[in-house]
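A short write-up of the structure that comes next.
The values are calculated or read from the model by the stated rules, or taken from the named source; none is laboratory data. Keep in mind the model is a prediction, meaning the values are calculated, not measured. Every residue, glycine among them, receives a Cβ derived from its backbone with ideal geometry; neighbour counts consider all protein chains shown. The accessibility values were calculated without ligands, DNA or RNA, using every heavy atom of the protein model including side chains. Shrake-Rupley method; radii C 1.70, N 1.55, O 1.52, S 1.80 Å.
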Amino acid sequence: MKRLKKKKQNAGVGVNGNGSVTREPHCGRKQKLAEIHQALISDPVDIETLRRAAASKGGLLTDELRRKVWPKLLNINVYDLPHKPGRDVRENHKDYNQVVLDVRRSMKRFPKGMPATEKAILQEQLIDIILEVLKCSPQLHYYQGYHDVAVTLLLVVGERMAIAMLDTLSNHHLRDFMDPTMDSTKHILNYLMPILEQLDTELHEFMIRAEVGTIFALSWLITWYGHVLSDFKHTMRLYDFFLASHPLMPIYLAATVRGNLIVLYREKEVKTTECDMAMVHHLLSRIPQDLPYELLIGQAQDLFDQYPPSLLAKRAALQSRKSLSINTFQAFQLSTLHQRPDSVLQRLTKAQGSTTSRHASRHSGLEAALPRDGGQLWGKGNTIVKMAVWGLSATLGAAVFAVAQTAMDWGPEVLLQLF
């Protein structure tokens, strides 16, 4: 088996214009937090530093940071978010019944110990989020597994931000999966075997003889692994990485999961299995829950650097179809480089004097400010805090919003003390 070119072990990562990641020195947690904060308040926002932080060891560290950085990675203005869906979003929607069925089956995706009433509320929000995005972009077609992406966003950033993020992802990173047929999805999956062939010819030939194909990696790809990972912290770590990377990065990670890399990581196990399609597919489709994710992320990035999509696409099997996700990625990435910091966006929103803009900014800012980290996500008192925030914001308007935003600069614990 070919080995990836060794990189210095003390290297971190940065992101180039083509979606690849460059190596830079690791930094401690405090230094990383300081760099992220500085990148967020720079004008324009230092998006390259944010991408580097999201891809490097530990990712974005906390949910509070994810709520600030994820929107920037997707060029989303947190003061211009979509309104919450109205009741009419469910009326006469062709995907309504399928979305409801999938969401009802998603109970395992919610944190353990969450009260049933909270889960029920979030499931209703999840249905509305999905239908709202599909309604606003009729060219998009729902696929089973889409709800796994949506629920991850909802649990981290809240309803309105989740709508904005899901809409952007659906028109860019996930776009190939949302065609009326699976042809584009199969095209993306076809990148997996050429990667494995470059790394391990013997393993590649074994999988060809077993006629196992690449369908075993389908759920990983279309849900960004959210459907197959039981620990939510691992899911969030991978979302940090994918949001900062090229749309094909989940495929490169699949090669690491299935080589020493998830096919190469289990190379010996695969090769000792009987060369039978059903048996090999069963083995490959199961992802161990104790994988060394930081190692695999680094190796996936090394794979991308050595065998970029442009190189793989020269193979005949990959030239017959154009990928919207791939073809629009460079322009999308460039569009993220000129964002204003949130403090400036807030002032601009106020200056516009638009009732609609003020309403969106007030509620989106306060929703993002509420602490949702780890076990505190549904801790005692949060419901009362939310009610207090919403009540005060409705009564006092922008003044309360400004106080809450200032408090978030100090820390979420200060925000709680305000109410």
Using a Förster distance of 41 angstrom, determine the FRET efficiency expected from the C-beta separation of D179 and K30, and round it to 0.05.
-> 0.35
Using alpha-carbon positions, what is the distance between the centroids of the range 325-353 and the range 48-84, in Å?
-> 12 Å
The relative contact order of the range 87-171, taking Cα pairs under 8 Å that sit 6 or more residues apart, comes to a percentage of 33 percent
Order the peptides 68-79, 326-337 from the highest to the lowest mean number of other Cβ atoms within 10 Å of their residues.
-> 68-79, 326-337
So H83 and I215, fully extended at 0.36 nm per residue minus their Cα-Cα distance, gain in nm 43.8 nm
Compare the Cα positions of C136, P111, V100 along the charge dipole of the range 87-171 (+1 at Cβ of Lys, Arg; -1 at Cβ of Asp, Glu; about the Cα centre) and return the one farthest towards the positive end.
-> P111
In this structure, the FRET efficiency calculated for R340 and C136 from their beta-carbon separation, with R0 = 25 Å, to the nearest 0.05, is 0.55
Mean Cβ-within-10 Å packing, highest first, puts peptides 223-235, 296-308, 243-255, 88-100 in the order 243-255, 296-308, 223-235, 88-100
Accessible area of E202 in the full protein assembly, 1.4 Å probe (Å², nearest 10) | 120 Å²
Taking a threshold of 28 Å on the Cα-Cα distance, which of the pairs K72/K186; K68/K108; K30/K233 fall above it?
-> K72/K186
Per-residue ³J(HN,Hα) for the range 46-58, Karplus 6.51 cos²θ - 1.76 cosθ + 1.60, θ = phi - 60°, Hz, x for Gly and Pro | 7, 5, 5, 5, 5, 5, 4, 5, 5, 8, 7, 3, x
At 0.36 nm per residue, minus the direct Cα-Cα distance, what do S310 and Q289 gain on full extension? Give it in nm, one decimal, please.
-> 4.4 nm
Per residue accessible area in Å² of the range 87-171, where ligands, DNA and RNA are left out and the probe is 1.4 Å | 42 Å²
Quote the FRET efficiency, to the nearest 0.05, computed for N92 versus E118 with a Förster distance R0 of 30 Å and r equal to the Cβ-Cβ distance.
-> 0.55
With all protein chains present, how much of the accessible area of the range 87-171 (probe radius 1.4 Å) comes from carbon and sulfur, to the nearest whole percent?
-> 51 percent
